[in-house]
Amino acid sequence: MLDKDLKSIYDKISEQKRLSFEDGLLLYQSNNLLGIGFLANLVRERKNGNDAFYIYNQHINYTNICKNGCYFCAFSRKKNEQGAYTLSIEEIAEKVRSRLKEPITEVHIVGGLNEDLPYDYYLKMLSTIKRIKPSIHIQAFTAVEIAFLAEIAGKTIEETIIELKEAGLGSLPGGGAEVLSSRVRQLVCPEKLSAKAWLETAKTAHELGVRSNATMLYGHVETLPERVSHLIALREAQDETNGFLAFIPLAFHPQNTKLADKKKTTGFDDLKNIAIARLMLDNFQHIKPFWIMVTPKIAQISLSFGADDMDGTVIEEKITHMAGGETAQALPVKELIYLIRQAGRTPRRRDTLYNYIERG
Ligand code: V47
Ligand code: SF4
């Protein structure tokens, strides 16, 4: 199953040696999907045994009005454009209140960069949710939103994170990383926070005790070496802070975007990407395919290709669905458990920080 090139990577993996840029490129250039998956599975089982995690969570996208207008985004709107929306604090509160009976442990909040919202809106959003359900972990605002909030508040990134944390922020989602390359950002999101600033913001959060995720949006204009460099940039940041919880590859959905001429990613590329991430990111504990983007079927298979986390119930997702995503809006817990069991793994309900939760 392993040809000569993959055998050399097998040797490194067996000795727990770090893979180089060249190794990463070699993996991306190989079409030996089963060989790459086999290697990734070795690392996956070494790190997480037979566990496959999932979480009972709820997503809220508070506004789609965004000044950035990234070319890959079908979710964002300009202020007066049809379909533009902003949820009031009361509407957000109602979304949380309406599901109080469910054992949701995390609310995951991401939105656009809306210049009409005051800094206070974000603080109120956090404190209101915490008042309604004090035990909930709020995973909110990507590094891009954090940098924007600091700008509108006239504060440093550090001061902003401290205040958000006091208001109830638990951790940051991993969005906004896209591909950490100035060439790619210039082509697909020229207005967005730079790669360097994204990494600095994530590291500042980690230093303040706020963990975060990291993502990579793949399948548009990026080259294979740029994917490898992205993974290495994350690995180096993780060496410094150890603050990243999980890596989530995000498969680009082209429909309704300015890059609509691009093809959708294939299952082959999705699995390869997950497996290579598992192999390159030796200091990340968790690799999480987002089933909303890669489909529940690919997410399930990926549990044998390096992944150890099925994300969660999600409940109401807009970013992928506005870009032509055809997956369901939510997966019932029963279905997640079924998919995990059918893959021969042990389902583990987790909280945001990957502590086991007994199912009630
Ligand atoms: O940064 C935007 C991506 C991200 C498209 O941390 C698209 O657990 C695909 O942060 N096709 C936001 N992707 C979502 C996000 C996230 C999602 C799931 C889990 C976690 C986590 C975080 O969505 C953006 C961008 O990279 N995105 N448009 C699109 N057309
Ligand atoms: Fe705005 Fe985020 Fe969409 Fe970019 S990806 S346009 S920053 S909402």
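The values are calculated or read from the model by the stated rules, or taken from the named source; none is laboratory data. Computed from a predicted model, the values in this text were never measured in an experiment. Neighbour counts are summed over all protein chains in view; Cβ atoms, including those assigned to glycine, are modelled from backbone coordinates with ideal geometry.
Residues being in a loop (DSSP other than H, G, I, E, B), of a type in the set (D, E, K, R) and in contact (Cβ under 8 Å) with a residue 12 or more places away in the chain are entirely absent from the range 23-42. From the list 224, 245, 208, exactly one residue is in contact with a Lys or Arg (Cβ under 8 Å, 6 or more places away or on another chain), among the hydrophobic types (A, V, I, L, M, F, W, C) and surrounded by fewer than 20 Cβ atoms within 10 Å (Cβ to Cβ). Which is it? Going through 224, 245, 208 in turn, the sole match is 208.
Of everything in the range 265-302 that is within 15 Å of ligand 1 (Cβ to nearest atom) and among the β-branched types (Val, Ile, Thr), the residue that is farthest from the chain's Cα centre (by Cα) is 266.
In the range 149-170, is there at least one residue being under 18 Å from residue 249 (Cα atoms), part of a helix (DSSP H, G or I) and in contact with a Leu (Cβ under 6 Å, 6 or more places away or on another chain)? Within the range 149-170, not a single residue is under 18 Å from residue 249 (Cα atoms), part of a helix (DSSP H, G or I) and in contact with a Leu (Cβ under 6 Å, 6 or more places away or on another chain).
Scanning the range 92-111 for residues that are over 22 Å from residue 142 (Cβ atoms) and part of a loop (DSSP other than H, G, I, E, B) returns 98, 99, 100, 101, 102, 103. Does residue 143 count as within 14 Å of ligand 2 (Cβ to nearest atom), in contact with a strand residue (DSSP E or B) (Cβ under 8 Å, 6 or more places away or on another chain) and touching a residue at least 12 places away in the same chain (Cβ under 8 Å)? In short, yes. Scanning the range 70-89 for residues that are within 13 Å of ligand 2 (Cβ to nearest atom) and of a type in the set (A, V, I, L, M, F, W, C) gives 70, 72, 73, 74, 75, 84. Sub-6 Å Cβ pairs linking a first residue in the range 64-75 that is free of Cβ contacts under 8 Å to residues at least 60 places away in the same chain and β-branched (Val, Ile, Thr) to a second residue that is assigned to a loop (DSSP other than H, G, I, E, B) and more than 6 Å from ligand 2 (Cβ to nearest atom), at least 6 apart or interchain, are 65/79; 65/84; 65/114, ordered by first then second residue.
Could you list, in sequence order, all residues of the range 186-211 that are over 18 Å from residue 155 (Cβ atoms), under 18 Å from the mean Cα position of the chain (by Cα) and within 12 Å of ligand 1 (Cβ to nearest atom)? If the condition is that a residue be over 18 Å from residue 155 (Cβ atoms), under 18 Å from the mean Cα position of the chain (by Cα) and within 12 Å of ligand 1 (Cβ to nearest atom), then 189, 192, 198, 211 are the ones that fit. Scoring residue 110 on the criteria (1) within 16 Å of ligand 1 (Cβ to nearest atom); (2) without any contact (Cβ under 8 Å) to a residue 60 or more places away in the chain leaves a single failure, condition (2). Residue 305 passes every criterion in (1) near ligand 1 (Cβ under 10 Å from one of its atoms); (2) part of a loop (DSSP other than H, G, I, E, B); (3) buried (at least 21 other Cβ atoms within 10 Å of the Cβ) apart from (1).
Quick check: is even one residue across the range 63-75 within 11 Å of ligand 1 (Cβ to nearest atom), in contact with a His (Cβ under 7 Å, 6 or more places away or on another chain) and not polar (S, T, N, Q)? Within the range 63-75, one or more residues are within 11 Å of ligand 1 (Cβ to nearest atom), in contact with a His (Cβ under 7 Å, 6 or more places away or on another chain) and not polar (S, T, N, Q).
The set of residues in the range 248-290 that are of a type in the set (Phe, Trp, Tyr) and either surrounded by 24 or more Cβ atoms within 10 Å (Cβ to Cβ) or not in a helix (DSSP H, G or I) (or both) comprises 252, 284, 290. The condition (being more than 19 Å from residue 287 (Cα to Cα), in contact with a Gly (Cβ under 8 Å, 6 or more places away or on another chain), of a type in the set (D, E, K, R) and modelled with pLDDT under 95) is satisfied by just one residue among 326, 317, 358: 317. Among the residues of the range 187-227, those that are assigned to a loop (DSSP other than H, G, I, E, B) and within 16 Å of ligand 2 (Cβ to nearest atom) comprise 189, 190, 191, 192, 193, 194, 219, 220, 221, 222. All of (1) within 25 Å of residue 29 (Cβ to Cβ); (2) surrounded by fewer than 21 Cβ atoms within 10 Å (Cβ to Cβ); (3) aliphatic (A, V, I, L, M); (4) out of contact with any Lys or Arg (no Cβ under 7 Å at 6 or more places or on another chain) hold for residue 177 with one exception: (2).
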